[in-house]
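Written below as structure tokens is the structure these notes are about.
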Amino acid sequence: MSRRSYQQYCPLAHALDLVGERWTLLIIRELQLGPRRFSDLERGLPGLSPNLLSERLQALESWGLITPQPLPPPARLRAYALTASGQALNTALVLLAQWGAQFLQMPIPDDEFLGTIPAMASLKILFQPTLAETETLSAEVHLEPDSFRLHLIPTELHLEQGFLPKASLVLHTDPKQLLGLATGMLAVSDAVEDNLLQITRGTQDAAEMLFAQFGLPTHS
């Protein structure tokens, strides 16, 4: 597949040759927590036309960054998943997002879209285990129509797409409220009282302990 190139013998230039075009890194962002169907990617990337999405997916597949993955029966569709090479970009994405966070407006502007994947992925940026005593916790977080597995252990946070049947804490909310809870701009008690957060398994104390591990990063 033909593509534009910086024609520079530089690792950064070569990386940008592959992932520097508009929408490409956001597609990779959408896949960082697990495989996604074409329709999932469309939902998470409003403004990206189906034709351009197909073009970007074909390019990423040809470069070995993603791979098609059949879904379990009876589904006849396929999903897209990151390869090991694509997953290696996750660290760079987190660092780039940490840098970009300083330019975000709070509260979230009404004309800016916040999808389920960037809302969950933002927890990696906001994770600050030194803010509170950390306990081991497994939670299932529902951001309709998606569900996510969250594993919290001292100094580490692991996020994946999918259900967690044995989760000690099950939460239902939406991307905007999740970000409010994780930044401390929305208290768990207020969210529960206003029905912005539903706890269907576990306790409010456990939810408060979870969100106490997150906070807005400071920039010097």
- [ ] Only helices (runs of 4 or more DSSP H) wholly contained in region 113-220 count here; list those with 2 or more residues that are within 24 Å of Glu30 (Cα to Cα) and polar (S, T, N, Q).
- [x] 116-126, 175-183
Task: Test for Lys124: is it within 27 Å of Arg36 (Cβ to Cβ), surrounded by fewer than 16 Cβ atoms within 10 Å (Cβ to Cβ) and outside the structural domain of Arg29 (by TED's automatic domain parsing) - done: no
- [ ] With the condition kept exactly as written, say whether any residue in region 28-37 is more than 24 Å from Ile125 (Cα to Cα), exposed (fewer than 13 other Cβ atoms within 10 Å of the Cβ) and out of contact with any Pro (no Cβ under 6 Å at 6 or more places or on another chain).
- [x] no
- [ ] Being free of Cβ contacts under 8 Å to residues at least 40 places away in the same chain, closer than 24 Å to Asp194 by Cα and not assigned by TED's automatic domain parsing to the domain that holds Leu45 narrows it down to one of Ser168, Ser138, so name that one.
- [x] Ser168
- [ ] Kindly indicate whether any position in region 50-59 is under 24 Å from Pro145 (Cβ atoms) and either at pLDDT below 95 or in a loop (DSSP other than H, G, I, E, B) (or both).
- [x] no
Task: Out of Leu104, Leu77, Leu82, sole residue that is under 18 Å from the mean Cα position of the chain (by Cα) and in contact (Cβ under 8 Å) with a residue 24 or more places away in the chain - done: Leu82
Task: Close pairs from region 175-190: first in contact (Cβ under 8 Å) with a residue 40 or more places away in the chain, partner part of a helix (DSSP H, G or I) and of a type in the set (Phe, Trp, Tyr), Cβ under 7 Å, at least 6 apart - done: Ala182/Phe211
TODO: Would you please list the contacts, defined by Cβ atoms under 7 Å and residues six or more apart or on different chains, that run from a residue in region 1-20 that is assigned by TED's automatic domain parsing to the domain that holds Ala92 to a residue that is in a helix (DSSP H, G or I) and surrounded by 11 or more Cβ atoms within 10 Å (Cβ to Cβ)?
DONE: Val19/Leu25; Val19/Ile28
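The values are calculated or read from the model by the stated rules, or taken from the named source; none is laboratory data. Everything quoted here is computed from the prediction, not taken from an experiment. Positions of Cβ are generated from backbone atoms using ideal geometry, with glycine treated the same way; all protein chains shown enter the neighbour counts.
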